[in-house]
Amino acid sequence: MSTPMPEPTTQLEDIGLAPAMAGAIARDVARGDARSLLHELLLRGLWSSVADEAAPEALLRHGGAAGRLLAAGVDLHDLLDVVREAQVDTIYNVAQLIDWPAEGLALDDALEVRLLAGLAHGGATPQPLPGLHACLMERDPTGRAGAPRSPELRQFGMLDADIRRQITALAGERKFSAAAVLWKQHVGGELKTALAAVQSLARHPR
């Protein structure tokens, strides 16, 4: 006997959606409206293609130009920043293309097209997909709206994972002095600079 599939809300929560958003999308789907579901899946999919700053070692698995640059001595974190910035520009352009497939082509109304969202099995008449590019940057998992890393975040990303966890925990508990001492031990510099760095991390995590 086959195991029944979980409820839509549960499935959406299982892929990382917040309960409130998962519930709202599930209610739309129950009415046959696929727009919010497709919109969310596209936003998540676009950002999932961007390099994770918390895992720079993933670039070590790349061959081609990235591998040659690293073999030539290019700093891993410099390369990560360049790659991520290029990827953010790319997904923004892709989102614009999805929103406006004929942008800049000067086609007349007879050739105007738009993407519609519909459920593959049943549902209501497909409806126009809500705009993607206007809200893409606010969905940046780092919370920086697509902006590059600050010098403090870059230094933080270069620390060992265990040290990052300790500093994050201390900063989250607002134990900034202890976090600053730990930062200074592993990054160097003056204690005043270390304190400013950990306070910046608390305001702008990731």
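Using the alpha carbons of segment 18-93, what is the convex hull volume per residue in cubic angstrom, as a whole number?
112
Compared with the direct C-alpha span, the chain from THR90 to ARG68 gains 5.7 nm at full extension, assuming 0.36 nm per residue. Of the solvent-accessible surface of the chain, computed with a 1.4 Å probe over protein heavy atoms with every protein chain present, carbon and sulfur atoms account for 57 percent. Taking segment 138-166 and a reference point 7 angstrom along Cα→Cβ of THR193, the backbone N atoms nearer than 15 Å belong to 151-156.
Each residue of segment 84-97 was assigned a 3J(HN,Hα) from its phi angle through the Karplus expression (A = 6.51, B = -1.76, C = 1.60, θ = phi - 60°), giving 5, 4, 5, 5, 5, 4, 5, 5, 5, 5, 5, 4, 5, 5 Hz with x at Gly and Pro. Solvent exposure of segment 104-179, expressed per residue, is 65 Å² of accessible area, with all protein chains present and a 1.4 angstrom probe.
Taking the inverse of the mean 1/r over every pair of distinct Cα atoms in segment 93-175 gives a Kirkwood hydrodynamic radius of 17.2 Å.
Applying 1/(1 + (r/R0)^6) with R0 = 22 Å to the Cβ-Cβ distance of ILE15 and ASP52 gives a FRET efficiency near 0.85. Round to the nearest 0.05 the FRET efficiency obtained for ALA124 and ALA202 when R0 = 35 Å and r is the Cβ-Cβ distance. The value I calculate is 0.15. Each Lys or Arg adds one and each Asp or Glu subtracts one; over the other residues with Cβ under 12 Å from the Cβ of LEU129, this totals -1. Listed values for segment 125-142 are Karplus-derived 3J(HN,Hα) couplings in whole Hz (6.51 cos²θ - 1.76 cosθ + 1.60, θ = phi - 60°), namely 4, x, 10, x, 6, x, x, 9, 5, 5, 10, 4, 5, 5, 9, 4, x, 7, and x replaces Gly and Pro.
The distance separating the Cα centre of segment 55-73 from that of segment 132-206 comes to 24 Å.
If you take all other residues with their beta carbon under 13 Å from the beta carbon of ALA26, and give Lys and Arg +1 and Asp and Glu -1, the sum is -4.
Amide H contacts for ALA117 (H built 1.01 Å from N in the peptide plane; partners 5 or more residues away or on another chain; cut-off under 5 Å): GLN127, LEU129. Annotation for ALA147 and ALA24: the two label points, set 7 Å from Cα along the Cα-Cβ direction, are 2.5 nm apart. Distance between the 7 Å Cα→Cβ label points at VAL113 and ALA161: 4.3 nm.
The values are calculated or read from the model by the stated rules, or taken from the named source; none is laboratory data. Worth saying up front: this structure is predicted, and the values here are computed from it rather than measured. Ideal geometry is used to build each Cβ from the backbone, glycine not excepted, and the neighbour counts take in all protein chains shown. When the accessible area is computed, the model is the full protein with side chains, heavy atoms only, and any ligands, DNA or RNA have been set aside. Shrake-Rupley method; radii C 1.70, N 1.55, O 1.52, S 1.80 Å.
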